[in-house]
Amino acid sequence: MPSISHLIEEFIRTFPFFLKPLLLTFELTFASVIVGTVIGLFVALLKVSRYPIGPIIANVYITIIRGTPLIVQIFVLYFGFYKVVDLGQFWSAALALAVHSGAYIAEIFRGSIQSIDKGQMEAGLSLGMSSSQTMRRIILPQALKRSIPPLGNQFILSLKESSLAAFIAMDELFSMARRLSAETFDEMTFFLIVAVYYLVIVMLFTYLVNKMEKRLAKGDS
Amino acid sequence: MSEKQSMIRVQNLKKSFGAVEVLKDINLEVKKGEVVVLIGASGSGKSTLIRCINFLEIKNGGEILIEGKSIDPRKDDLSKVRQKVGMVFQHFNLFPHKTVLENVIEAPQIVRKMNKEEAKKEALQLLKKVGLEEKADVYPSALSGGQKQRVAIARSLAMKPEIMLFDEPTSALDPELVGEVLETMKQLAREGMTMIIVTHEMGFAKDVADWVAFMDKGKILELAAPDEIFNRPKEERTREFLTRVL
């Protein structure tokens, strides 16, 4: 085990090297969560659709994504995107992560859409609104609000999962830790340091999500 | 009587949920301005019947005619039908993320394409009518059950329906709040609204109904004026039911 003082020294010395990777980790996470949310909403709507083809497509997608390891998906999608359209390294990685988190986000949205009392849809229909108008104006605004806390958790997962982008040569946090440990043969030090980076970000974000959850709960009754 | 326009005609209506036959060969006609009250034990099919009339449940057989026109739920525009046939639910089903005023102007704006100012003006008149104009800007969570139900009535009236269906509108209310909702409904009846009401409020049925239909096991067993149903019921089942609830 490296000593605490050694860890602190190395943390301070390598701090400048970690700034850019830190930013990239954030960018990767935000991009993948935003695109993943769009995918997730679309798939959730397919899943609750009245037409049988909708749930079938949604289930095939969700089953494949949940049934295979993320690292395999990243490699398949990264090289797959790369061969078909050159989106550049960043967007290939971000899209791979987005397609992955999209499946989980779809389940979040589906759950919250189905948690809305069915009387809401009936009220909309009974007023002459179409089912898609009612979905858009009545069900979704309520469902999206309920989705915010679990989406916060998904964001935390995505942040940690973005470390796998190191394996497709993205220079994010984990990649930098690997490089420093390879250069110094001081592996434990740099993997512990990178763990601290992730831990602090996750703790900060968890705090924000909890705070938001409390504020949202206040508006309900 | 006979010269009045037929608003709703139900012919040989059948509805099943899986293997359970909930409605068996229902026939019912409601003419313009009439108030028909459906009574009967729970599970007798009252709610299913009015939900079929609004096509929230789709019939398995028979016909439903609205203003003389037979409606095919697969071909006809149900939005058009439902604009004529308003519905008030047991659990109010107000939109919790919208204020009282927003609840009332939602459908006029979206379905009738009214502009916001006009819709607001009409909505405030309706809220005044149900005695809640000072609650226009609060959210439903701040209202009592009786107030919620009166907002739901105003919201439904905002679509200017020809017919109003009430599905146990006071069953979810505390006893002391029932009166204000019934009073609002009485007022509508006096104004000549055509109404079908599912209720357990027998006093209200006596006062307001033109006809009372007693439902039992998916059938309308007896249909008569309130005086006759309550004082001289013909069917044994009706008598049994009334002795239990009165």
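Within the range A:1-41, can you find the residues that are more than 27 Å from the chain's Cα centre (by Cα), in a helix (DSSP H, G or I) and surrounded by 14 or more Cβ atoms within 10 Å (Cβ to Cβ)? Before you say what the answer is, go through the steps one by one.
Quick first cut of the range A:1-41, residues more than 27 Å from the chain's Cα centre (by Cα) only: A:1-14.
Retained after the next criterion (residues that are in a helix (DSSP H, G or I)): A:4-14.
The answer is A:Leu7, A:Glu10, A:Phe11, A:Thr14.
If you go through the range B:129-145 and pick out every residue that is β-branched (Val, Ile, Thr) and open to solvent by less than 40 Å² (accessible area, probe 1.4 Å), you end up with 1.
Pairs linking a residue in the range B:175-190 that is free of Cβ contacts under 8 Å to residues at least 40 places away in the same chain to a residue that is part of a helix (DSSP H, G or I) and of a type in the set (Gly, Ala, Ser), with Cβ atoms under 9 Å and 6 or more positions apart or on different chains, are B:Glu176/B:Gly146; B:Leu177/B:Gly145; B:Leu177/B:Gly146; B:Val178/B:Gly146; B:Gly179/B:Gly146; B:Val181/B:Gly145; B:Val181/B:Gly146; B:Leu182/B:Gly203. How many residues does the range B:19-31 hold that are farther than 15 Å from B:Lys59 by Cβ and at pLDDT 95 or above? Of the residues in that region, 3 qualify. For B:Leu177, the conditions (1) touching a Lys or Arg at 6+ places or on another chain (Cβ under 7 Å); (2) at pLDDT below 95 are fulfilled apart from (1). Would you confirm whether any residue within the range B:196-218 is without any contact (Cβ under 8 Å) to a residue 40 or more places away in the chain and open to solvent by less than 20 Å² (accessible area, probe 1.4 Å)? Within the range B:196-218, not a single residue is without any contact (Cβ under 8 Å) to a residue 40 or more places away in the chain and open to solvent by less than 20 Å² (accessible area, probe 1.4 Å). All conditions but one from (1) more than 30 Å from A:Ser130 (Cβ to Cβ); (2) outside any helix (DSSP H, G or I) apply to A:Ser49; the one that does not is (1). Of all residues in the range A:130-140, none are in contact with an Asp or Glu (Cβ under 9 Å, 6 or more places away or on another chain) and within 21 Å of A:Asn210 (Cα to Cα). State whether the residues of the range A:137-153 include one that is under 28 Å from B:Leu56 (Cβ atoms) and over 24 Å from the mean Cα position of the chain (by Cα). There is at least one residue in the range A:137-153 that is under 28 Å from B:Leu56 (Cβ atoms) and over 24 Å from the mean Cα position of the chain (by Cα). Counting just the residues of the range B:66-87 that are polar (S, T, N, Q) and facing another protein chain (nearest Cβ under 9 Å), which one comes out nearest to the chain's Cα centre (by Cα)? Applying the filter and picking the extreme gives B:Gln83.
Scanning the range B:1-35 for residues that are among the polar types (S, T, N, Q) and at negative phi returns B:Ser2, B:Gln5, B:Ser6, B:Gln11, B:Ser16, B:Asn27.
Scanning the range B:104-116 for any residue that is more than 22 Å from A:Gln142 (Cα to Cα), assigned to a helix (DSSP H, G or I), more than 9 Å from chain A (Cβ to nearest Cβ) and polar (S, T, N, Q) turns up nothing. Being within 13 Å of chain A (Cβ to nearest Cβ) and open to solvent by 10 Å² or more (accessible area, probe 1.4 Å): is that true of B:Val151 here? No: the conditions fail for B:Val151. Here the helices (runs of 4 or more DSSP H) wholly within the range A:94-194 that include at least 1 residues being within 13 Å of another protein chain (Cβ to nearest Cβ) and open to solvent by 60 Å² or more (accessible area, probe 1.4 Å) are A:118-126, A:131-134, A:140-161.
When A:Ala44 is tested against the conditions (1) without any contact (Cβ under 8 Å) to a residue 12 or more places away in the chain; (2) assigned to a helix (DSSP H, G or I); (3) of a type in the set (Gly, Ala, Ser), the lone failure is (1).
The values are calculated or read from the model by the stated rules, or taken from the named source; none is laboratory data. Just so you know, these numbers come straight off a predicted model, no measurement behind them. So basically every Cβ, Gly included, is an ideal-geometry build from the backbone, and we count neighbours across all protein chains shown. All accessible areas refer to the heavy atoms of the entire protein, side chains included, with ligands and DNA or RNA removed. Shrake-Rupley method; radii C 1.70, N 1.55, O 1.52, S 1.80 Å.
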